[in-house]
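Below: the structure, in structure tokens.
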């Protein structure tokens, strides 16, 4: 039995239906780390499903005649007048999944390297213009607008403007610095690069578009939660409001930014973590989702 129809249906459901259901759910903002993992799991599952669907479409079977090669042959898209070449089908069955994998890996490498270069250039400029504060464990930059951001990576930096140092209270300043430290400790730049890479390969796919947007938002919420463990919600919210208009260099994470309004409502509103049973169930399903395309393509007990 050829699994191509089921795999095509599965990837369509993951790519088009699952994002809509996840966006309508109320729990992701209450468990942003878990929600970000779900988005990334969906991307992995879609990639595996697409690769396996391409393989099964290309492979000759008695039910689908000569697979994709046979379909092209029956439509007149062939060279010569003979029957479809099984060797061509075999090569196509390997080439199509490989192309998907190579495209994703290459895109990830491109986004990681590009972001690293941008951060390196900006870090060198910041080190020249600003000065390191041992008390804040950050680089203070002369800038007349309250702002704070981090440059993650191997040589991480937290950058804060001197206006923020002057205008924010010690608790507000501490909340901002803890927020930025959360991005660095969590290596959030890698998760964001993975979402960017997936979007570059599957640009028109709803899953790719929403996963990139939601990953950026959810990672900010994860950093907010780290800051809220040691500082009050009022201090963090006030600091976020003060820095909402500040601009952030490419490749950096900022406490302010375009998602401030959504995050302010979350920080100041009631925060109730999901029930442990619900959290565990979602985590278990998340771990199993990447295996589903493999089970469809290689059902146990069938030879």
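What follows draws every value from the coordinates through simple rules; no lab data is involved. Everything numeric in this text was worked out from a predicted model, so none of it was measured. Neighbour counts run over all protein chains shown; Cβ positions are idealised from the backbone, glycine included.
Distance between the modelled labels on residue 213 and residue 90, one decimal in nanometres: 4.7 nm (7 Å Cα→Cβ projection). Helix 188-201 and the long axis of the chain differ in direction by around 40°, with both axes built from C-alpha atoms. Most simply put, segment 4-297 has about 75% antiparallel DSSP beta bridges, counting only bridges with both residues inside it. With Cα atoms defining each centre, segment 234-254 and segment 130-172 are spaced 11 Å apart in the structure. For segment 226-265, backbone nitrogen atoms closer than 17 Å to the point 7 Å from residue 279 Cα along Cα-to-C-beta are found at 226-230.
Of all beta bridges that DSSP places with both ends in segment 113-259, some 75 percent have antiparallel geometry.
Against the main long axis of the alpha-carbon atoms of the chain, helix 170-185 sits at an angle near 30°.
Rounded to the nearest 10 degrees, the angle from helix 233-242 to the longest Cα principal axis of the chain is 90 degrees. The calculated 222 nm mean residue ellipticity attributable to helices in the chain amounts to -20500 deg cm²/dmol, summing -39500 (n - 2.57) over DSSP H runs of n ≥ 4 and dividing by all residues.
Determine, from the Cβ-Cβ distance of residue 271 and residue 187 and an R0 of 35 Å, the FRET efficiency 1/(1 + (r/R0)^6), rounded to the nearest 0.05. Efficiency computed from Cβ-Cβ geometry: 0.90. Protection proxy ranking for 268-279, 37-48, 201-212, 17-28, using the average of other Cβ atoms within 10 Å per residue and placing the highest first: 37-48, 201-212, 17-28, 268-279. Against the set [x] 21.3, 61; [y] 24.0, 80; [z] 24.3, 86, the structure's computed Rg and Dmax of the Cα atoms in Å falls on [y].
Once fully extended, how much extra length lies between residue 145 and residue 103, figured as 0.36 nm per residue of separation less the alpha-carbon to alpha-carbon distance? Walk me through the intermediate numbers first.
Working: separation 42, 0.36 × 42 = 15.12 nm, distance 4.10 nm.
Net length gain for the segment: 11.0 nm.
For a label point 7 Å from the Cα of residue 232 along Cα→C-beta, name the residues of segment 142-181 whose backbone N is under 16 Å from it. Hits in segment 142-181 for residue 232 at 16 Å: 168-176.
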